[in-house]
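The values are calculated or read from the model by the stated rules, or taken from the named source; none is laboratory data. Since the structure is predicted, the reported quantities are computational estimates derived from the model, not experimental observations. No Cβ is skipped: glycine too gets one built from the backbone with ideal geometry, and neighbour counts run over all protein chains shown. Note: accessible area is taken over every heavy atom of the protein model, side chains too, but ligands, DNA and RNA are not part of it. Shrake-Rupley method; radii C 1.70, N 1.55, O 1.52, S 1.80 Å.
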Amino acid sequence: MLRGGRGAVAALRRAAGSRGAGGQGRGQALEPSLLRFLVCPLSKRPLRYDESTNELINEELGIAYPVIDGIPNMIPEAARTTRKKPPAGGSKETSGPAGPQQ
Amino acid sequence: MAAAGLGPARLFLGRRRGAMRALLGLARGLASGPQTHFGFQNVSEEERREKIYQVFENVAEKYDVMNDSMTLGIHRVWKDILVHKMNPSPGTLLVDVAGGTGDIAFRFINYVHSIRERQLQQKLKRHQNLSWQEISKSYEEEKVKPLGDSQVVVCDINKEMLKVGKQRAQHLGYSEGLSWVLGNAEELPFDDDKFDVYTIAFGIRNVTRIDLALQEAYRVLKPGGRFLCLEFSHVSNPLLSRLYDLYSFQVIPVLGEIIAGDWKSYQYLVESIRRFPPQADGRT
(Lines give C-alpha, C1' and ligand atoms only; values in the text may rest on other atoms or scores of the structure.)
Protein backbone atom coordinates (compact mmCIF):
# COMPACT_ATOMS: atom_id res chain seq x y z
CA MET A 1 0.00 0.00 0.00
CA LEU A 2 2.82 2.34 0.95
CA ARG A 3 4.67 1.53 -2.29
CA GLY A 4 1.56 2.33 -4.30
CA GLY A 5 1.24 5.66 -2.49
CA ARG A 6 4.87 6.59 -3.14
CA GLY A 7 4.51 5.59 -6.78
CA ALA A 8 1.49 7.84 -7.13
CA VAL A 9 3.33 10.77 -5.55
CA ALA A 10 6.34 10.19 -7.82
CA ALA A 11 4.08 10.12 -10.88
CA LEU A 12 2.39 13.37 -9.80
CA ARG A 13 5.76 15.04 -9.23
CA ARG A 14 6.96 13.97 -12.66
CA ALA A 15 3.81 15.34 -14.30
CA ALA A 16 4.10 18.64 -12.46
CA GLY A 17 7.78 18.89 -13.38
CA SER A 18 7.20 18.41 -17.10
CA ARG A 19 4.35 20.91 -17.07
CA GLY A 20 6.65 23.38 -15.42
CA ALA A 21 9.26 22.85 -18.14
CA GLY A 22 6.65 23.65 -20.75
CA GLY A 23 6.21 20.31 -22.51
CA GLN A 24 7.05 19.49 -26.12
CA GLY A 25 8.38 22.28 -28.34
CA ARG A 26 8.10 24.98 -25.68
CA GLY A 27 10.67 25.39 -22.92
CA GLN A 28 12.06 28.80 -22.05
CA ALA A 29 10.41 31.66 -23.94
CA LEU A 30 12.22 34.16 -26.15
CA GLU A 31 13.55 37.39 -24.64
CA PRO A 32 11.20 40.13 -25.83
CA SER A 33 14.07 42.61 -26.31
CA LEU A 34 15.42 40.44 -29.14
CA LEU A 35 12.31 40.94 -31.27
CA ARG A 36 13.43 44.41 -32.28
CA PHE A 37 16.57 42.96 -33.95
CA LEU A 38 15.63 39.53 -35.29
CA VAL A 39 14.71 38.89 -38.92
CA CYS A 40 14.80 35.81 -41.11
CA PRO A 41 18.48 35.16 -42.01
CA LEU A 42 17.44 34.13 -45.53
CA SER A 43 15.05 36.85 -46.60
CA LYS A 44 15.90 39.49 -43.94
CA ARG A 45 12.16 39.99 -43.57
CA PRO A 46 10.31 40.34 -40.24
CA LEU A 47 9.29 37.31 -38.22
CA ARG A 48 6.25 36.58 -36.10
CA TYR A 49 6.86 35.17 -32.65
CA ASP A 50 4.43 32.38 -31.81
CA GLU A 51 4.29 32.01 -28.03
CA SER A 52 2.36 28.76 -28.04
CA THR A 53 4.95 26.84 -30.07
CA ASN A 54 7.88 29.07 -29.09
CA GLU A 55 8.93 29.63 -32.68
CA LEU A 56 9.79 32.55 -34.92
CA ILE A 57 7.75 32.25 -38.08
CA ASN A 58 8.43 33.61 -41.54
CA GLU A 59 4.96 33.53 -43.12
CA GLU A 60 6.19 34.36 -46.63
CA LEU A 61 8.65 31.48 -46.88
CA GLY A 62 6.62 29.20 -44.65
CA ILE A 63 9.42 28.36 -42.25
CA ALA A 64 9.69 28.42 -38.48
CA TYR A 65 12.82 28.85 -36.37
CA PRO A 66 12.74 27.11 -32.99
CA VAL A 67 13.63 28.71 -29.67
CA ILE A 68 15.52 26.21 -27.55
CA ASP A 69 16.38 26.98 -23.92
CA GLY A 70 15.50 30.60 -24.60
CA ILE A 71 18.00 30.83 -27.46
CA PRO A 72 16.52 31.35 -30.95
CA ASN A 73 18.09 28.98 -33.45
CA MET A 74 18.41 31.14 -36.56
CA ILE A 75 20.27 28.69 -38.76
CA PRO A 76 18.22 28.02 -41.91
CA GLU A 77 19.03 24.28 -41.86
CA ALA A 78 17.40 24.00 -38.43
CA ALA A 79 14.13 25.65 -39.46
CA ARG A 80 11.08 23.54 -40.18
CA THR A 81 8.63 24.19 -42.98
CA THR A 82 5.19 25.21 -41.78
CA ARG A 83 3.36 24.21 -44.95
CA LYS A 84 2.61 20.72 -46.30
CA LYS A 85 4.16 21.56 -49.68
CA PRO A 86 7.60 23.20 -49.88
CA PRO A 87 7.39 26.96 -50.60
CA ALA A 88 7.93 28.33 -54.15
CA GLY A 89 11.55 29.24 -53.41
CA GLY A 90 12.26 25.65 -52.37
CA SER A 91 13.13 24.69 -48.81
CA LYS A 92 16.75 24.28 -47.81
CA GLU A 93 17.25 20.61 -47.05
CA THR A 94 21.06 20.59 -46.86
CA SER A 95 22.84 18.45 -44.31
CA GLY A 96 24.50 21.09 -42.23
CA PRO A 97 26.60 20.53 -39.15
CA ALA A 98 23.91 21.87 -36.83
CA GLY A 99 20.81 19.91 -37.80
CA PRO A 100 17.84 19.79 -35.42
CA GLN A 101 19.30 18.56 -32.14
CA GLN A 102 16.90 17.79 -29.36
CA MET B 1 59.43 33.84 -22.51
CA ALA B 2 56.12 35.48 -21.81
CA ALA B 3 56.03 36.59 -25.45
CA ALA B 4 56.04 32.96 -26.58
CA GLY B 5 52.69 32.43 -24.93
CA LEU B 6 51.41 35.81 -26.00
CA GLY B 7 49.90 35.00 -29.37
CA PRO B 8 50.24 38.59 -30.54
CA ALA B 9 46.93 40.14 -31.42
CA ARG B 10 45.85 43.14 -33.34
CA LEU B 11 42.79 45.30 -33.45
CA PHE B 12 41.03 46.31 -36.62
CA LEU B 13 38.99 49.38 -35.90
CA GLY B 14 37.10 50.32 -39.01
CA ARG B 15 34.59 53.04 -39.55
CA ARG B 16 31.80 51.72 -41.70
CA ARG B 17 33.11 52.97 -45.05
CA GLY B 18 36.78 52.87 -45.98
CA ALA B 19 38.22 50.11 -43.83
CA MET B 20 35.44 47.75 -44.80
CA ARG B 21 36.30 48.02 -48.48
CA ALA B 22 39.94 47.21 -47.75
CA LEU B 23 39.02 44.13 -45.74
CA LEU B 24 36.56 42.97 -48.40
CA GLY B 25 39.31 43.04 -51.02
CA LEU B 26 41.48 40.87 -48.81
CA ALA B 27 38.65 38.48 -48.03
CA ARG B 28 37.66 37.93 -51.66
CA GLY B 29 41.17 36.63 -52.28
CA LEU B 30 40.65 34.09 -49.51
CA ALA B 31 37.25 32.96 -50.73
CA SER B 32 38.47 31.63 -54.07
CA GLY B 33 36.70 28.46 -55.18
CA PRO B 34 34.95 25.72 -53.24
CA GLN B 35 38.26 24.32 -51.97
CA THR B 36 39.41 25.92 -48.78
CA HIS B 37 41.60 25.15 -45.82
CA PHE B 38 41.17 23.58 -42.40
CA GLY B 39 44.34 24.38 -40.56
CA PHE B 40 46.99 23.01 -42.89
CA GLN B 41 44.67 20.57 -44.70
CA ASN B 42 42.78 21.33 -47.90
CA VAL B 43 39.06 20.58 -47.66
CA SER B 44 35.75 21.61 -49.20
CA GLU B 45 33.85 24.55 -47.69
CA GLU B 46 31.17 22.28 -46.28
CA GLU B 47 33.73 20.01 -44.67
CA ARG B 48 35.52 22.99 -43.18
CA ARG B 49 32.33 24.27 -41.58
CA GLU B 50 31.57 20.87 -40.10
CA LYS B 51 35.09 20.35 -38.78
CA ILE B 52 35.21 23.78 -37.17
CA TYR B 53 31.79 23.23 -35.63
CA GLN B 54 33.08 20.01 -34.10
CA VAL B 55 36.24 21.67 -32.81
CA PHE B 56 34.26 24.19 -30.82
CA GLU B 57 31.69 21.66 -29.76
CA ASN B 58 34.55 19.65 -28.25
CA VAL B 59 36.39 22.52 -26.60
CA ALA B 60 33.37 24.52 -25.35
CA GLU B 61 33.42 23.25 -21.79
CA LYS B 62 37.14 23.84 -21.36
CA TYR B 63 37.36 26.88 -23.65
CA ASP B 64 38.08 29.42 -20.93
CA VAL B 65 40.60 27.26 -19.10
CA MET B 66 42.43 26.59 -22.35
CA ASN B 67 42.49 30.27 -23.29
CA ASP B 68 44.15 31.04 -19.99
CA SER B 69 46.74 28.30 -20.27
CA MET B 70 47.50 28.86 -23.95
CA THR B 71 47.99 32.60 -23.68
CA LEU B 72 49.07 32.70 -20.04
CA GLY B 73 46.05 34.83 -19.32
CA ILE B 74 47.06 37.50 -21.80
CA HIS B 75 43.90 37.04 -23.88
CA ARG B 76 42.11 38.81 -21.01
CA VAL B 77 44.26 41.87 -21.51
CA TRP B 78 43.50 41.97 -25.22
CA LYS B 79 39.80 41.70 -24.56
CA ASP B 80 39.98 44.45 -21.94
CA ILE B 81 41.77 46.67 -24.45
CA LEU B 82 39.13 45.94 -27.06
CA VAL B 83 36.33 47.13 -24.81
CA HIS B 84 38.30 50.16 -23.69
CA LYS B 85 38.93 51.13 -27.31
CA MET B 86 35.23 50.66 -27.92
CA ASN B 87 34.51 53.03 -25.02
CA PRO B 88 30.76 52.34 -25.11
CA SER B 89 28.41 54.90 -23.65
CA PRO B 90 25.08 53.97 -22.04
CA GLY B 91 22.59 53.30 -24.80
CA THR B 92 25.09 51.57 -27.08
CA LEU B 93 23.80 48.56 -29.00
CA LEU B 94 26.45 45.90 -29.50
CA VAL B 95 26.39 42.71 -31.52
CA ASP B 96 29.18 40.35 -30.53
CA VAL B 97 29.63 37.78 -33.27
CA ALA B 98 31.32 34.44 -32.62
CA GLY B 99 31.03 35.62 -29.05
CA GLY B 100 30.29 32.15 -27.72
CA THR B 101 31.21 32.11 -24.07
CA GLY B 102 30.51 35.79 -23.48
CA ASP B 103 33.93 37.30 -22.72
CA ILE B 104 33.35 40.50 -24.69
CA ALA B 105 29.68 40.78 -23.71
CA PHE B 106 30.41 40.64 -19.98
CA ARG B 107 33.16 43.20 -20.29
CA PHE B 108 30.83 45.48 -22.24
CA ILE B 109 28.21 45.22 -19.52
CA ASN B 110 30.73 45.90 -16.74
CA TYR B 111 32.08 48.93 -18.61
CA VAL B 112 28.68 50.50 -19.30
CA HIS B 113 27.53 49.77 -15.78
CA SER B 114 30.51 51.57 -14.25
CA ILE B 115 29.99 54.56 -16.56
CA ARG B 116 26.36 54.73 -15.46
CA GLU B 117 27.35 54.58 -11.80
CA ARG B 118 29.87 57.36 -12.26
CA GLN B 119 27.27 59.47 -14.08
CA LEU B 120 24.87 58.97 -11.22
CA GLN B 121 27.49 59.88 -8.61
CA GLN B 122 28.42 63.04 -10.48
CA LYS B 123 24.80 64.02 -10.88
CA LEU B 124 24.17 63.66 -7.17
CA LYS B 125 27.34 65.56 -6.31
CA ARG B 126 26.33 68.48 -8.52
CA HIS B 127 22.88 68.82 -7.03
CA GLN B 128 23.67 69.32 -3.38
CA ASN B 129 20.23 70.64 -2.56
CA LEU B 130 18.28 67.60 -3.71
CA SER B 131 15.49 66.39 -1.48
CA TRP B 132 15.49 62.81 -0.21
CA GLN B 133 12.71 62.10 -2.66
CA GLU B 134 14.76 63.25 -5.63
CA ILE B 135 17.82 61.32 -4.47
CA SER B 136 15.93 58.07 -4.03
CA LYS B 137 14.26 58.60 -7.40
CA SER B 138 17.71 58.75 -9.04
CA TYR B 139 18.71 55.50 -7.35
CA GLU B 140 15.46 53.88 -8.43
CA GLU B 141 16.11 54.84 -12.05
CA GLU B 142 19.56 53.33 -11.85
CA LYS B 143 18.21 50.10 -10.43
CA VAL B 144 15.58 49.74 -13.15
CA LYS B 145 17.99 50.60 -15.94
CA PRO B 146 21.46 49.68 -14.73
CA LEU B 147 22.76 49.80 -18.28
CA GLY B 148 20.73 52.74 -19.53
CA ASP B 149 19.20 51.04 -22.59
CA SER B 150 22.52 49.50 -23.65
CA GLN B 151 22.19 46.04 -25.09
CA VAL B 152 24.52 43.31 -26.24
CA VAL B 153 23.41 40.46 -28.46
CA VAL B 154 25.82 37.53 -28.52
CA CYS B 155 25.64 35.64 -31.79
CA ASP B 156 27.44 32.34 -32.34
CA ILE B 157 27.00 29.45 -34.72
CA ASN B 158 27.85 26.84 -32.10
CA LYS B 159 25.20 25.63 -29.69
CA GLU B 160 27.66 24.32 -27.12
CA MET B 161 29.59 27.57 -26.91
CA LEU B 162 26.35 29.52 -26.39
CA LYS B 163 25.24 27.06 -23.74
CA VAL B 164 28.48 27.57 -21.83
CA GLY B 165 28.14 31.33 -22.25
CA LYS B 166 24.61 31.35 -20.90
CA GLN B 167 25.64 29.25 -17.91
CA ARG B 168 28.53 31.59 -17.17
CA ALA B 169 26.17 34.55 -17.36
CA GLN B 170 23.80 32.96 -14.87
CA HIS B 171 26.68 32.01 -12.62
CA LEU B 172 28.18 35.52 -12.68
CA GLY B 173 24.83 37.27 -12.36
CA TYR B 174 24.51 38.87 -15.80
CA SER B 175 20.97 39.19 -17.09
CA GLU B 176 19.95 42.76 -17.99
CA GLY B 177 20.69 43.89 -21.53
CA LEU B 178 22.15 40.56 -22.61
CA SER B 179 20.72 38.11 -25.13
CA TRP B 180 21.92 35.03 -27.01
CA VAL B 181 21.24 34.05 -30.60
CA LEU B 182 22.31 30.99 -32.54
CA GLY B 183 23.27 32.39 -35.92
CA ASN B 184 25.76 32.33 -38.77
CA ALA B 185 28.15 35.27 -39.20
CA GLU B 186 27.85 34.79 -42.98
CA GLU B 187 24.06 35.09 -42.80
CA LEU B 188 23.09 37.17 -39.76
CA PRO B 189 19.47 37.05 -38.55
CA PHE B 190 19.43 40.77 -37.80
CA ASP B 191 17.78 43.69 -39.53
CA ASP B 192 19.74 46.41 -41.39
CA ASP B 193 21.28 49.39 -39.65
CA LYS B 194 20.58 48.18 -36.13
CA PHE B 195 23.82 48.16 -34.16
CA ASP B 196 26.29 50.81 -33.06
CA VAL B 197 29.16 48.37 -32.71
CA TYR B 198 30.01 44.96 -34.16
CA THR B 199 32.73 42.92 -32.51
CA ILE B 200 34.34 39.66 -33.48
CA ALA B 201 37.08 38.57 -31.11
CA PHE B 202 39.28 35.64 -32.13
CA GLY B 203 36.45 34.41 -34.33
CA ILE B 204 36.90 35.70 -37.84
CA ARG B 205 39.64 33.24 -38.78
CA ASN B 206 37.12 30.43 -38.15
CA VAL B 207 34.62 31.86 -40.62
CA THR B 208 34.68 30.06 -43.96
CA ARG B 209 33.46 32.94 -46.13
CA ILE B 210 34.98 35.99 -44.52
CA ASP B 211 33.78 38.22 -47.36
CA LEU B 212 30.17 37.34 -46.54
CA ALA B 213 30.72 37.95 -42.84
CA LEU B 214 32.11 41.40 -43.59
CA GLN B 215 29.20 42.22 -45.87
CA GLU B 216 26.80 41.19 -43.13
CA ALA B 217 28.69 43.28 -40.59
CA TYR B 218 28.36 46.28 -42.89
CA ARG B 219 24.66 45.59 -43.30
CA VAL B 220 23.67 45.31 -39.64
CA LEU B 221 25.76 48.27 -38.51
CA LYS B 222 24.20 51.72 -38.41
CA PRO B 223 25.83 54.31 -40.68
CA GLY B 224 28.87 55.51 -38.74
CA GLY B 225 28.80 52.32 -36.69
CA ARG B 226 32.08 50.67 -35.77
CA PHE B 227 33.55 47.30 -36.68
CA LEU B 228 36.05 45.94 -34.16
CA CYS B 229 37.98 42.79 -34.95
CA LEU B 230 40.45 41.16 -32.58
CA GLU B 231 42.60 38.43 -34.04
CA PHE B 232 45.95 36.71 -33.75
CA SER B 233 48.74 38.06 -35.92
CA HIS B 234 52.13 36.94 -37.11
CA VAL B 235 55.35 37.51 -35.25
CA SER B 236 57.87 39.49 -37.30
CA ASN B 237 60.89 39.03 -35.04
CA PRO B 238 62.57 35.79 -36.23
CA LEU B 239 63.77 34.63 -32.81
CA LEU B 240 60.41 35.23 -31.18
CA SER B 241 58.82 33.59 -34.18
CA ARG B 242 60.77 30.37 -33.58
CA LEU B 243 59.92 30.34 -29.89
CA TYR B 244 56.29 31.04 -30.70
CA ASP B 245 56.18 28.20 -33.25
CA LEU B 246 57.76 25.85 -30.76
CA TYR B 247 55.25 26.80 -28.10
CA SER B 248 52.32 26.63 -30.52
CA PHE B 249 53.07 23.29 -32.08
CA GLN B 250 54.83 21.46 -29.24
CA VAL B 251 53.16 22.77 -26.10
CA ILE B 252 49.61 23.83 -26.93
CA PRO B 253 48.30 20.60 -28.45
CA VAL B 254 49.80 18.71 -25.51
CA LEU B 255 48.04 21.06 -23.11
CA GLY B 256 44.91 20.45 -25.13
CA GLU B 257 45.25 16.73 -24.62
CA ILE B 258 46.00 17.00 -20.90
CA ILE B 259 43.38 19.61 -19.99
CA ALA B 260 40.63 18.92 -22.49
CA GLY B 261 41.48 15.41 -23.68
CA ASP B 262 41.51 16.74 -27.23
CA TRP B 263 44.78 17.20 -29.05
CA LYS B 264 43.38 17.47 -32.59
CA SER B 265 41.14 20.43 -31.89
CA TYR B 266 44.01 22.42 -30.49
CA GLN B 267 46.18 21.42 -33.40
CA TYR B 268 43.53 22.96 -35.66
CA LEU B 269 43.31 26.12 -33.58
CA VAL B 270 47.05 26.66 -33.75
CA GLU B 271 47.20 25.93 -37.49
CA SER B 272 44.32 28.28 -38.21
CA ILE B 273 46.29 31.10 -36.62
CA ARG B 274 49.15 30.42 -39.07
CA ARG B 275 46.77 30.27 -42.01
CA PHE B 276 45.15 33.61 -41.31
CA PRO B 277 46.63 36.35 -43.50
CA PRO B 278 49.31 38.50 -41.89
CA GLN B 279 48.47 41.99 -40.75
CA ALA B 280 50.10 43.80 -43.71
CA ASP B 281 47.50 42.31 -46.08
CA GLY B 282 44.75 43.82 -43.97
CA ARG B 283 46.17 47.28 -44.39
CA THR B 284 46.30 47.30 -48.23
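In the set A:Pro66, A:Pro41, which member is surrounded by 18 or more Cβ atoms within 10 Å (Cβ to Cβ), in a loop (DSSP other than H, G, I, E, B) and either touching a His at 6+ places or on another chain (Cβ under 8 Å) or within 13 Å of chain B (Cβ to nearest Cβ) (or both)?
A:Pro41
Looking at (1) within 13 Å of chain B (Cβ to nearest Cβ); (2) within 13 Å of the chain's Cα centre (by Cα), find the lone condition where A:Leu35 falls short.
(2)
Return only the number of the condition from (1) more than 11 Å from the chain's Cα centre (by Cα); (2) open to solvent by less than 50 Å² (accessible area, probe 1.4 Å); (3) at pLDDT 90 or above that A:Leu56 does not satisfy.
(1)
Per-residue answers, yes or no, for (1) more than 8 Å from chain A (Cβ to nearest Cβ); (2) without any contact (Cβ under 8 Å) to a residue 60 or more places away in the chain; (3) open to solvent by 40 Å² or more (accessible area, probe 1.4 Å):
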residue	(1), (2), (3)
B:Ser138	yes, yes, no
B:Glu141	yes, yes, yes
B:Val181	no, yes, no
B:Glu186	yes, yes, no
B:Thr208	yes, no, no
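In a strand (DSSP E or B), within 12 Å of chain A (Cβ to nearest Cβ), buried (at least 17 other Cβ atoms within 10 Å of the Cβ) and modelled with pLDDT of 95 or more - does that describe any residue in the stretch B:190-202?
Looking for residues that are in a strand (DSSP E or B), within 12 Å of chain A (Cβ to nearest Cβ), buried (at least 17 other Cβ atoms within 10 Å of the Cβ) and modelled with pLDDT of 95 or more, one finds at least one in the stretch B:190-202, hence yes.
Looking at B:Leu269, B:Leu240, which one is over 27 Å from B:Ala185 (Cβ atoms) and either of a type in the set (Ser, Thr, Tyr) or part of a helix (DSSP H, G or I) (or both)?
Working: B:Leu269 fails: over 27 Å from B:Ala185 (Cβ atoms).
None of the other options fit; the residue is B:Leu240.
State whether the residues of the stretch A:72-88 include one that is surrounded by fewer than 17 Cβ atoms within 10 Å (Cβ to Cβ), assigned to a loop (DSSP other than H, G, I, E, B) and aliphatic (A, V, I, L, M).
Within the stretch A:72-88, one or more residues are surrounded by fewer than 17 Cβ atoms within 10 Å (Cβ to Cβ), assigned to a loop (DSSP other than H, G, I, E, B) and aliphatic (A, V, I, L, M).
What about B:Ile258, is it under 23 Å from B:Val164 (Cα atoms) and either open to solvent by less than 40 Å² (accessible area, probe 1.4 Å) or modelled with pLDDT of 85 or more (or both)?
No; evaluated as a whole, the condition is false for this residue.
Which condition from (1) more than 14 Å from every other protein chain (Cβ to nearest Cβ); (2) in contact with a strand residue (DSSP E or B) (Cβ under 8 Å, 6 or more places away or on another chain); (3) open to solvent by 80 Å² or more (accessible area, probe 1.4 Å) is the one that B:Ile104 breaks?
With respect to (1) more than 14 Å from every other protein chain (Cβ to nearest Cβ); (2) in contact with a strand residue (DSSP E or B) (Cβ under 8 Å, 6 or more places away or on another chain); (3) open to solvent by 80 Å² or more (accessible area, probe 1.4 Å), B:Ile104 is out only on (3).
Specify the residue that is most open to solvent (accessible area, probe 1.4 Å); the eligible residues are those in the stretch B:61-101 that are in contact with a Gly (Cβ under 8 Å, 6 or more places away or on another chain) and farther than 25 Å from B:Asn184 by Cα.
Among them, the one singled out is B:Leu72.
For the structure I just gave you, tell me whether A:Ala64 is out of contact with any Pro (no Cβ under 7 Å at 6 or more places or on another chain) and modelled with pLDDT under 90.
Judged against the criteria, A:Ala64 is not a match.
Residue under question is B:Ala260, and the condition is that it be of a type in the set (Gly, Ala, Ser) and within 30 Å of A:Cys40 (Cβ to Cβ); does it hold?
Values: of a type in the set (Gly, Ala, Ser): yes; within 30 Å of A:Cys40 (Cβ to Cβ): no.
Here the answer is no, as B:Ala260 does not meet what is asked.
With the checklist (1) in contact with an Asp or Glu (Cβ under 7 Å, 6 or more places away or on another chain); (2) of a type outside the set (Gly, Ala, Ser); (3) buried (at least 20 other Cβ atoms within 10 Å of the Cβ) in hand, flag the one item B:Lys222 doesn't pass.
For B:Lys222, the failing item is (3).
Since B:Tyr174 meets every condition but one in (1) outside any strand (DSSP E or B); (2) within 11 Å of chain A (Cβ to nearest Cβ); (3) among the hydroxyl-bearing types (Ser, Thr, Tyr), which condition does it not meet?
Every listed condition holds for B:Tyr174 apart from (2).
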